[in-house]
Every structure is written in C-alpha cells, then in structure tokens.
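Working notes for the structure below.
The values are calculated or read from the model by the stated rules, or taken from the named source; none is laboratory data. All of these numbers come straight from a predicted model, not from anything done at the bench. Here the Cβ positions follow ideal geometry from the backbone for every residue, glycine too, while neighbour counts run over all protein chains shown. Side chains are part of the model used for accessible areas, which takes the heavy atoms of the whole protein and leaves out ligands, DNA and RNA. Shrake-Rupley method; radii C 1.70, N 1.55, O 1.52, S 1.80 Å.
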Amino acid sequence: MASMVFRFQRRLKKVDSSPVFQWAVIAVIIISALLIGAKTHDLPEPAVHLLSILDSAITVFFLIEIIIRFMATRKKKEFFKSGWNIFDTVIVIGSLIPAGGSGVLLARLLRVFRVLRLVSMVPELRLLINALIKAIPRMGYIALLMFVIFYIYAAIGSILFEDINEVLWGDVSISMLTLFRVATFEDWTDVMYETMAVHPMSWIFYLSFIFLTAFIFLNMMVGTILEVMGQEHESYRAELHGETEEGGEPASRAQIDSLARELMEIKTLLQQANVQNKQG
C-alpha cells in the first residue's frame, strides 16, 4: 500500500514538474487575466454567459492544479512552509466563493488576484519579488533618512516661502507635498522661478534638495535592490546546482565545513604515510 502511494506521488510529481503542465498553467493564468479585462466591457448577454462558463472552468482547473501540487508533496507540512504555496491556496480557495450575493465584491477581487499567480509560477518573477521583500528593511532606513531630509527642507521652505505662495508653502505638511512634486520633477521649475522672483538665490535650495533626493537617495535605493537581487540569484543558482549534483537540497555550510575537515584529515594521513615510507 505504501509503495502504491509512493508511486502515485511520483507520478503526480512528474506531472507537476513537467514543462507542458507548467506552461498550461501559465496559459490559463493569462486567459484568466484576459477574462477579467473582458468583463469590464459592455458585452452582449451570450458573451457574458460564455465568459462565466470559462471562468468556472478556470476555477476548476486551478483547484485541480493545486490538489496535484499538494498530493505530489511527500511531506504535507512542507507544502505550507512555502509562502507561494499558501498564496496560491488562498487565491484558489477564494475563487470558489460564488460570484453572486453579498460576496460578489470579494469574489471579484480574488479573481483579479489570480493574475498574481503568474508570479508564483515563473521562477524569475519569484526572484524579483523575494528580492524586493528582503530589500524592504534596508530600504526602510534609507526612506527614514529621506523623510528627515524632506522634513528639514519643508520646514526651511515654509519659513522662507510662505509669504510668496501659501498654497505651496503654508505649513510643513503642505511643503513636504510640494517638495515631493519637486523631487518627481513635476513642473518643479515653475515653483523655483516663483520663489526666485523674490529670493534670487533660492535655486540653491531646490538644486541641493534634488541632488540629495533624486540622485543620492534614489541611487542608494536602486543599489540596495540590486545587491539583494544579486544575492537571490546566487542562492537560486546554488540551489539549482545542489539539486543537480545531489538530486536533493543543496549542501549546507556545516556539510561543506565537515567535508573540508575530512579532506584535511585524509591529506594528513597521506603525508604521514609518505614520511613512514621514506623512513622505511
């Protein structure tokens, strides 16, 4: 009985990992996205009925697909240790909510989020999302420093330019919104020329602010993301290499250190044997 279950799981695993099945899932996700867009148009009744049938078929397909992935996992607890598996399961279960009645809004929203399943199916997209998530803590410190700079410049701008344009520089909060406009280069020269008519040297205020925010801090953000993304690519390549070499999980650091110690012991024994042979 156990051998039959094991063979059944191996067959499901083979189906789940097959390129044809993977591309079929991706194609269905894309079709689901197109259906969501089509439903936003004013369509005739027969077309709406056809789209509803296709939507139900896609929901059933996703349900079967998630069951195959779950059954193909040897240790069921391992399936839910992956955040992407939990995400897919929630989206699929949520899609089973009937589209009518009080749950119509929730059902529509969950069907929209089915498009995000494309991220969980494509490894390269998963790498990007994982890199962004892991970069958030580092980016948080940069964002905090940016907030400090924004606040200082907003306070200075409110003190210097309030009499010129109270709409843009009336208080610190409004000044921060104005500075955000300057940082995004949205007609910022109009704001600068307006203050330069009263304070000719105010261009220093704007250029120094743009230099700090748009050039330095933005490049720090990009650099942080690229660094984390590089680490994620290295981990992914190491994982693929480990699975290729061993047919399982990649070797851990402890395993590598243990292997290095064993090699050193073998090398020491060989050297001692050579010394004994020379003495003999």
> Of all the residues that make up segment 1-42, how many are outside any helix (DSSP H, G or I) and in contact with a helix residue (DSSP H, G or I) (Cβ under 8 Å, 6 or more places away or on another chain)?
Replying inline: 0
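Can we say L127 is surrounded by 14 or more Cβ atoms within 10 Å (Cβ to Cβ) and either more than 33 Å from the chain's Cα centre (by Cα) or not in a helix (DSSP H, G or I) (or both)?
On the way: surrounded by 14 or more Cβ atoms within 10 Å (Cβ to Cβ): yes; either more than 33 Å from the chain's Cα centre (by Cα) or not in a helix (DSSP H, G or I) (or both): no.
It is false that L127 is surrounded by 14 or more Cβ atoms within 10 Å (Cβ to Cβ) and either more than 33 Å from the chain's Cα centre (by Cα) or not in a helix (DSSP H, G or I) (or both).
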>> So N219 passes all but one of these: (1) part of a helix (DSSP H, G or I); (2) surrounded by 12 or more Cβ atoms within 10 Å (Cβ to Cβ); (3) modelled with pLDDT of 85 or more. Which condition number does it fail?
In response: (2)
> Which ones in segment 9-41 are under 26 Å from the mean Cα position of the chain (by Cα), open to solvent by 80 Å² or more (accessible area, probe 1.4 Å) and within 16 Å of D55 (Cβ to Cβ)?
Replying inline: I30, I31, L34
> Pairs under 9 Å by beta carbon, first residue within 12 Å of R111 (Cα to Cα) and acidic (D, E) in segment 35-61, partner open to solvent by 60 Å² or more (accessible area, probe 1.4 Å) and assigned to a helix (DSSP H, G or I), six or more apart or different chains?
Replying inline: D55/K39
